[in-house]
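Please read the structure below before turning to the comments.
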Amino acid sequence: MNAETSISHEARRGDLLALGARVLIAPIFVLSGAAKLADPAGTIGYIGSVGLPFAEAGYAAAVAVELIGGLALLVGFKTRIAAIALALFTLAAALTFHFQLGDQNQFIHFFKNLAMAGGLLQIVAFGAGRFSLDRR
């Protein structure tokens with residue numbers, strides 16, 4: 001195997017891994033956005049319960065970021081922008097809604113959000129790969 005063939009195999013593997021990463025991380029945002037859309041009153045109440053002002057606007061922003069960002073990430077459209085928006089959203093959610101680190105459930109959610117933000121930042125750094133709308 002020559003160096004050119006080796007590079008092409010490695011590039012293809014990287015592109016497949018990039019696709020896999022997007023397919024694995026995007027559904028949590030799409031499903032969460034859809035759940036918020038299905039229960040606006042509950043979501044707005046939850047946002048208000050942590051003391052955030054303008055809960056209705058926060059609700060609309062959360063639904064838009066999760067649904068649009070999640071779908072864009074899934075198909076690889078404006079992937080770096082979607083990933084940075086989702087990473088910032090996820091960090092904000094961790095700090096706002098899951099920072100009760102004495103509660104084991106919130107502790108787990110907090111660090112899950114940090115891990116998701118880390119994965120999203122990897123997508124920002126390395127892009128969507130060949131199997132994406134960004135590359136079309």
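Values in this text are rule-based calculations from the coordinates and carry no lab data. None of these values were measured; they are calculated from a predicted model. Methodologically, a virtual Cβ is constructed for each residue, glycine included, from the backbone with ideal geometry; neighbour enumeration extends over all protein chains shown.
List of remarks:
- Annotation for the range 1-77: chymotrypsin sites (Phe, Trp or Tyr not before Pro) lying in DSSP loop with at most 13 further Cβ atoms inside 10 Å of their Cβ are PHE54.
- When only alpha carbons are used to place a centre, the range 113-136 and the range 20-35 end up 13 Å from one another.
- Between the entries (1) 54, 29, 25; (2) 62, 32, 29; (3) 61, 32, 19, the label attached to Cα extents along the principal axes in Å calculated for this structure is (3).
- Selected from GLY45, GLY33, GLY102 as most flexible by GNM, with the chain as the system and alpha-carbon contacts under 10 Å: GLY102
- For the pair GLN106 and ARG136 in one chain, pulling the backbone fully straight at 0.36 nm per residue adds 6.7 nm over the alpha carbon distance.
- Within the chain, helix-based [θ] at 222 nm, where runs of 4 or more DSSP H residues each add -39,500 (n - 2.57), nearest 500: -28000 deg cm²/dmol
- 0 to 90° range, to nearest 10: angle between helix 3-38 axis and the chain longest Cα axis: 20
- A simple count of charges around SER132, restricted to other residues whose Cβ falls under 13 Å of its Cβ and scoring Lys, Arg +1 and Asp, Glu -1, yields +4.
- Between the helical axis of 55-75 and the longest alpha-carbon principal axis of the chain there is an angle of about 20 degrees.
- Helix 104-126 axis, angle to the chain major axis (alpha carbon atoms, nearest 10°): 40
- Note on GLU66, GLU10: ascending count of other Cβ atoms within 10 Å places them as GLU10, GLU66, the fewest first.
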